[in-house]
1. Taking the stated definitions as given, is GLY155 surrounded by fewer than 21 Cβ atoms within 10 Å (Cβ to Cβ) and out of contact with any Leu (no Cβ under 8 Å at 6 or more places or on another chain)?
2. Would you confirm, using the coordinates I've provided, whether ALA46 is under 30 Å from SER14 (Cα atoms) and among the hydrophobic types (A, V, I, L, M, F, W, C)?
3. State which residue is farthest from ALA46 (Cα to Cα) when the search covers only region 135-155 and only residues that are among the small types (Gly, Ala, Ser) and assigned to a helix (DSSP H, G or I).
4. Tell me yes or no: at least one residue of region 73-90 is touching a Ser or Thr at 6+ places or on another chain (Cβ under 6 Å), of a type in the set (A, V, I, L, M, F, W, C) and within 19 Å of GLU192 (Cβ to Cβ).
5. Name the residue that is nearest to the chain's Cα centre (by Cα), counting only residues in region 75-89 that are free of Cβ contacts under 8 Å to residues at least 12 places away in the same chain and not in a helix (DSSP H, G or I).
6. May I ask you to verify whether ARG49 is basic (Lys, Arg) and more than 15 Å from the chain's Cα centre (by Cα)?
7. Just name the residue that is nearest to the chain's Cα centre (by Cα) out of those in region 20-40 that are surrounded by fewer than 19 Cβ atoms within 10 Å (Cβ to Cβ) and among the small types (Gly, Ala, Ser).
8. Would you be able to tell me the number of residues in region 1-22 that are part of a helix (DSSP H, G or I) and touching a helix residue (DSSP H, G or I) at 6+ places or on another chain (Cβ under 8 Å)?
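The values are calculated or read from the model by the stated rules, or taken from the named source; none is laboratory data. Small disclaimer: the values here were computed from a predicted structure and weren't measured. So basically every Cβ, Gly included, is an ideal-geometry build from the backbone, and we count neighbours across all protein chains shown.
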Amino acid sequence: HFGVSPATHEAELSERQRQSLITILCNYCVGETAALDASSGMIGFAPDRLSKIFLSTQVVDEGRHLEVMLHRLGQLGVRDPEAEIPLRANRSLLKFKERLLDFVHASDWEAAVLAQNVILECMEYTVFRYHAAHADPITSEMLNGVVSDERRHMGFGENDLGRRLIAAPHAHERLLKIKRELDPLILDTFSETMGELGLEPASRPDLASEYLGAVARLGFQS
């Protein structure tokens, strides 16, 4: 049922609302593809079997998220998502994906966990939760299903890096430098998404502070 009950019905959207939702979902697909590519790649250099097992479950989650989002794009009239997504993708989000996969290709476990399971998942959790509360019924139900998975993925990143930083506190400065490089890309993505939701700057929720606060709770101050 693609993450939505058959009893949930389509709401009437204006053409502007439909186009904005398509753009937002195309960018969600970029983020989910980044997480799918990264989590599958990280299995090969994960430090222990339990981490490999967790990442294998995350691969399944991310694949399912991507599947339901592509299906939603189809419902909204997008005939060729593979062609549409690059046309609507946020450049900062594409750059974030590139940097995340750089860490994966370098087999840099700590940087990959930070970028994916802390920064990317925290961003998605924050945005999806807000969007779900204000979306049409089908999109809302779909996103609420995704949010519960994102929280679990964040928990893995928090626990894994927490243990590593206790054992090797010197790694903190390197990871903080990476976070400071990636933060502007995330904050730009937040801003563009809020614009697509039709919110004027003065009336936008402060998702940036919510994101930065969540990451700060993991010990990474800006």
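1. On the way: surrounded by fewer than 21 Cβ atoms within 10 Å (Cβ to Cβ): yes; out of contact with any Leu (no Cβ under 8 Å at 6 or more places or on another chain): yes.
Spelling it out, GLY155 is indeed surrounded by fewer than 21 Cβ atoms within 10 Å (Cβ to Cβ) and out of contact with any Leu (no Cβ under 8 Å at 6 or more places or on another chain).
2. Considered against the rule, which asks whether it is under 30 Å from SER14 (Cα atoms) and among the hydrophobic types (A, V, I, L, M, F, W, C), ALA46 comes out as no.
3. Going through region 135-155, the residues among the small types (Gly, Ala, Ser) turn out to be 135, 140, 145, 148, 155.
Remaining after also requiring assigned to a helix (DSSP H, G or I): 140, 145, 148, 155.
On the way: SER140: 34, GLY145: 27, SER148: 24, GLY155: 16 Å.
Per the criteria, the residue is SER140.
4. Looking for residues that are touching a Ser or Thr at 6+ places or on another chain (Cβ under 6 Å), of a type in the set (A, V, I, L, M, F, W, C) and within 19 Å of GLU192 (Cβ to Cβ), one finds none in region 73-90, hence no.
5. Among those residues, the one meeting the criterion is ASP80.
6. The answer is yes for ARG49.
7. Per the criteria, the residue is SER40.
8. The qualifying residues number 3.
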